[in-house]
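These notes concern the structure reproduced below.
Every number here is computed from the coordinates shown, using simple stated rules; none is lab data. Because the structure is predicted, anything quoted here is derived from the model rather than measured. FYI the Cβ positions are ideal-geometry reconstructions off the backbone, even for glycines, and counts take in every protein chain you see.
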Amino acid sequence: MDRIVTPASRDNKSLWANSSSFSFKQNLQESYDIAIIGGGFSGLWSAFHLNKLDPSLKIAIFEAKSIGYGASGRNGGWASSEYPVYKETLKKRIGEGLTTQLLEALDQSIDEIGDFSKKHSEVGFVKSGSLYFARNRAQLSRLKSKADGGNLWISSSEVKERLNVTGALGGVLNPSCATVHPFNLVMALATYLESKGVSISENSWASPVSGGVLAKSSFIKAPVVIQATEAFGAPGRDFIPLYSLMVATEPLNESTWEEIGNSERFTFAENSHMVNYAQRTVDNRIAIGGRGATYPFASKLQESKESTAKVHETIRSLLRSWFPILRNVNFTHSWGGAVAITRDWEPFVQWDPKNGFGRLGGYAGDGVTMSNLAAKILAHEILDVKNELRNLHFVNRKIRKWEPEPIRYLGVNSLVKLSGIADTEERITGRASLLNRVIEPLILR
Ligand SMILES: Cc1cc2nc3c(=O)[nH]c(=O)nc-3n(C[C@H](O)[C@H](O)[C@H](O)COP(=O)(O)OP(=O)(O)OC[C@H]3O[C@@H](n4cnc5c(N)ncnc54)[C@H](O)[C@@H]3O)c2cc1C
């Protein structure tokens, strides 16, 4: 918990962030029932669910920078039921029943985000699903295995009717995904919580100590402390930070959108090894992100990774290759942020009643919806309120450790490189890369 949060880097770079017009009252008191460290989705949804279960609770949120400074204010805005572990792997790990329960709970969380967003048009919540498309035979055969009861397989012409992607061979539609403006959702939540009496302190680096937190050089008493700092927390070997980077185009005109399609504003991605994700924004840009920045040695956050030029350029080229009409379009923003990944790619929700300490995170880049679910579970755990979600397999689990350094550094960065090489090979040959045999078991998804 001694991780240093580096200076704000999002200003003027991220498309979403606009911290200037908000200020939260900071009438800090000496004691609270619950102190929450971290003002992203995990911290805010924790306060939301605790307040819903017991409105009389005195809750304080401490944010080292400004609300939404972390991944929550700068992400791709996919509020999806996607879980970082493949459904088939999950079924083998936990069985069909729990897998179904988990996916339904995630879908319900999307709807809860939607319900909350009804009064906040600035969040731009639209639940019109996501579209994964394949652009070579290897991607196609992997994608076909994702089509099942919930995910609808569509042909290449059906993909093109929805989204005019060059070279699309087929796709999978997942109805269980919404698009949001992430920073506006963070701000709407924080403003709502303040109206409910939750105290929000920005520029307040906090650290848990026995019986409360140390914040702003003061001891604040709180029998319950929640650590909601995701990639910013001291990871030990519980998780690693990996960087996801994004770029955004200028607003695109009507005729360009007629050529591209997607009037429904579903989210979309190519089914490559390298994670990528895109959305049509409320103001008609395309915001697209991807991985590919290398893992920092010993999990030490490095702000420079957020602006890895090569990765930003790869993402821009990917978008231009999907839609050649964007050849001369300006890209106005580029930014990035860290996500936390556990060794088995599963999140954690932990509650230690003896010490009054809870923590949640490890969403592996799928945290917009998952943070709502994790926070709901944590709130029920803390207040010991019956809820079947408390039986989900990742609640209070023993976290599998990452390998020690330098094995971790060499292993993770080899995977990052191999994923890129496998994509290039599959693009050229159209056949599944032999590297898949190395990649798949190593990432254990
Ligand atoms: C570029 C990018 C794109 C992404 N796209 C998607 C997407 O499309 N869909 C999706 O589901 N997920 C996405 N994610 C992941 C998602 O954004 C995260 O999983 C989620 O926002 C994590 O929320 P959080 O509240 O746990 O952490 P964060 O949002 O990182 O919040 C943690 C907060 O804790 C604060 N903090 C740290 N230390 C302290 C301290 N000692 N005291 C006080 N405060 C502290 C930090 O300043 C930070 O604001 C993306 C992430 C990134 C970086």
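Volume per residue for the chain equals 131 cubic angstrom (convex hull of Cα atoms).
Backbone phi angles across the stretch 276-288, fed through the Karplus curve with coefficients 6.51, -1.76 and 1.60 (θ = phi - 60°), yield HN-Hα couplings of 9, 7, 9, 9, 8, 7, 4, 9, 6, 9, 10, 10, 9 Hz in residue order; Gly and Pro are listed as x.
Using only the C-alpha atoms of the stretch 317-445, find the volume of their convex hull and express it per residue in Å³. Each step should come with its number before you reach the end.
Working: hull volume 23.5 nm³, N = 129.
Cα-based convex hull of the stretch 317-445, divided per residue, equals 183 Å³.
For the stretch 371-385, the Karplus equation 6.51 cos²θ - 1.76 cosθ + 1.60, evaluated at θ = phi - 60°, returns couplings of 5, 5, 5, 4, 5, 5, 5, 4, 4, 5, 4, 4, 8, 6, 9 Hz by residue, with Gly and Pro reported as x. Annotation: amide H of Val282 has no partner in the under-5 Å range at sequence separation 5 or more or interchain, hydrogens built in the peptide plane. The amide H of Gly212, built 1.01 Å from its N in the peptide plane, has Ala222 as neighbours under 5 Å, considering only residues 5 or more places off or on other chains. Working note: Cα gyration tensor of the stretch 47-200, eigenvalues times five, square-rooted, sorted largest first, giving semi-axes of 35, 19, 13 Å.
Where does the stretch 267-353 land on Rg(C-alpha)/(2.2 N^0.38 Å)?
On the way: Rg = 15.9 Å, N = 87, 2.2 N^0.38 = 12.0 Å.
In units of the 2.2 N^0.38 Å rule of thumb, it is 1.32.
Shape index of the stretch 150-299: Rg/Rh, with Rg the Cα radius of gyration and Rh the Kirkwood radius from the inverse mean 1/r over Cα pairs, equals 1.09. Of all aspartates and glutamates in the structure, those lying under 19 Å Cα to Cα from Lys13, and not within fewer than 8 positions of it along the same chain, are Glu250, Asp283, Glu303, Glu306, Glu313. Give the residue from Gly365, Ile407, Pro353 lying farthest towards the positive end of the charge dipole for the stretch 337-430; charges sit on Cβ (+1 for Lys and Arg, -1 for Asp and Glu) and the dipole is referred to the Cα centre. Projecting each Cα onto the dipole axis, the largest value belongs to Pro353. When the C-alpha to C-alpha distance is required to be over 32 Å, the pairs from Lys119/Lys160; Lys58/Lys127; Lys92/Lys401; Lys65/Lys310 that qualify are Lys119/Lys160; Lys58/Lys127.
Using only helices, what value at 222 nm comes out for the chain when you add -39,500 (n - 2.57) per DSSP H run of length 4 or more and divide by the total residues, to the nearest 500 deg cm²/dmol?
Values: 10 runs with 141 residues, N = 445.
Here the helix-only value at 222 nm equals -10000 deg cm²/dmol.
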